[in-house]
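Read the structure below first, then the notes.
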Amino acid sequence: MPLFDMPFEKMLTYQGTNPKPSDHEEYWNRALNEMHSLGTDCKLVPADFSAPNIKCFDLWFTGVKGANIYSKLLIPDGEGPFPAVLMFHGYTGASYEWVNYMPYAQSGFVVAALDCRGQAGKSEDVGGVKGNTMHGQIIRGMEDENPDKLLTRALFLDTAQLARVVMALPYVDENRVAATGGSQGGALTIACAALEPKIERLVSVYPFMSDYKRVHQLDLSVNAYKELSEYFRKFDPMHKRANEIFTKLGYIDIQHLAHRIKGKTLMFTGLMDTICPPSTQFAAYNKITAPKEYRLWPDFAHESLPGADDQTFTFISELL
């Protein structure tokens, strides 16, 4: 197997490179207080899509900064309470078509699939202008003195707010809720379970948004991380502010949130992943103290991993 990252044996103890802000815990505790003040009210609108024995709704709730946040919601027929699974999509994308969530819903799960604010779905970014912001979300807010203005902070909070909204539904068993996603969705899965520790199970597939400095050192600030290198080229070309910039990114680095996770964790990694380097994924994994397991695809990159969907379904279905 070719090697572009550190030897795998070192990954198993690697603790990350990106600095953690000294007030990181206070930062996220303050953020959670802001989110909790929103309550758990939501609006359910019958969806245009329908399926036998499944009720489909457009779910809307208010996120931090007053953003209108959208999620698909699928509810099995019956009285419940049902277990639930939260689904998170990749960077700049949107929730998948309804039919993709049918296996979980038809098996007895309530399914909630988030549209990330400002990306390709229906959730709005209210910063500056309403609508999409698509690319550049990692560095959005970096020039503001107040790190609370980082857009990714709001995105992480949206995942936890979705969890709270779903857990409050009368037909959901709040003690049987799982989360899963790949790439950005893998990062949001970790953020969600860290910020809402009632999440019982999570499957994070090659998570993004971890160990930014390590990514940059590997010269992999391209593709999903391209905005990181572009930011330095345009705003700090001589890296005079590099430590300040990476420290600020530390607020929205999932490795620094991972210790908050309480749920049983499964992480999937392709060792040839040059989009989200394996060492950065293990920087987060190694900080999880809850029961956990990793599974490897040695010759695979940031792509479909054979058998991963089946393994995810099997793992999450233990909540039924």
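Read the figures in this text as sums done on the coordinates, not as results from a lab. Here the structure is a predicted model, which is why all the values come from computation and not from measurement. Neighbour counts are summed over all protein chains in view; Cβ atoms, including those assigned to glycine, are modelled from backbone coordinates with ideal geometry.
What to note about this one:
- Going from the residue with the fewest nearby Cβ atoms within 10 Å to the one with the most, LEU155, LEU220 rank LEU220, LEU155.
- For the chain, the Cβ-based charge dipole about the Cα centre amounts to some 500 debye (Lys, Arg positive; Asp, Glu negative; other atoms uncharged).
- Contour excess over end-to-end distance, with Cα ends at ASP77 and SER22 and 0.36 nm allotted per residue: 15.0 nm
- Restricting the stretch 230-320 to trypsin sites (Lys or Arg not before Pro) in coil, as DSSP defines it, with at most 12 other Cβ within 10 Å: LYS240
- For LYS72, the lysines whose Cα comes closer than 19 Å to its Cα, not counting residues fewer than 8 places off in the same chain, are LYS43, LYS55, LYS122.
- Counting only DSSP H runs of at least 4 residues, each contributing -39500 (n - 2.57), and dividing by the residue count of the chain, the helix-based mean residue ellipticity at 222 nm comes to -8500 deg cm²/dmol.
- Of the GluC sites (Glu not before Pro) found in the stretch 14-116, the ones in coil according to DSSP and having at most 11 other Cβ atoms within 10 Å of their Cβ are GLU79, GLU97.
- Fully extending the segment from ALA301 to PHE313, taken as 0.36 nm per residue of separation minus the present Cα-Cα distance, adds 2.2 nm.
- Percent of Cα pairs in the stretch 163-304 per distance bin of 5 Å, from zero to the largest separation: 2, 10, 19, 21, 17, 13, 9, 6, 2, 1, 0, 0.
- Table column - 3J(HN,Hα) (Hz), the stretch 142-147, Karplus curve with 6.51, -1.76, 1.60, x for Gly and Pro: 5, 7, 7, 5, 8, x
- Approximate spin-label separation LEU38-ASP148, in nm, with each point projected 7 Å along Cα-to-Cβ: 1.5
- Close Lys pairs in the stretch 162-312 (alpha-carbon distance under 21 Å; sequence gap of 8 or more, or different chains): 19.
- For the stretch 58-75, 3J(HN,Hα) computed residue by residue from phi via the Karplus equation (6.51, -1.76, 1.60; θ = phi - 60°) reads 8, 9, 10, 9, 8, x, 4, 6, x, 5, 8, 10, 10, 8, 6, 9, 10, 10 Hz, glycine and proline entered as x.
- Convex hull (Cα only) mean projected area of the chain, reported in nm² to one decimal: 15.3
- For the stretch 1-84, trypsin sites (Lys or Arg not before Pro) meeting the loop criterion (DSSP other than H, G, I, E, B) and having at most 14 other Cβ atoms within 10 Å: none.
- Within-10-Å neighbourhood charge of TYR251 [Cβ basis; K, R +1; D, E -1]: 0
- Counting neighbouring beta carbons within 10 Å and listing from fewest to most, the residues VAL172, VAL203 come out as VAL172, VAL203.
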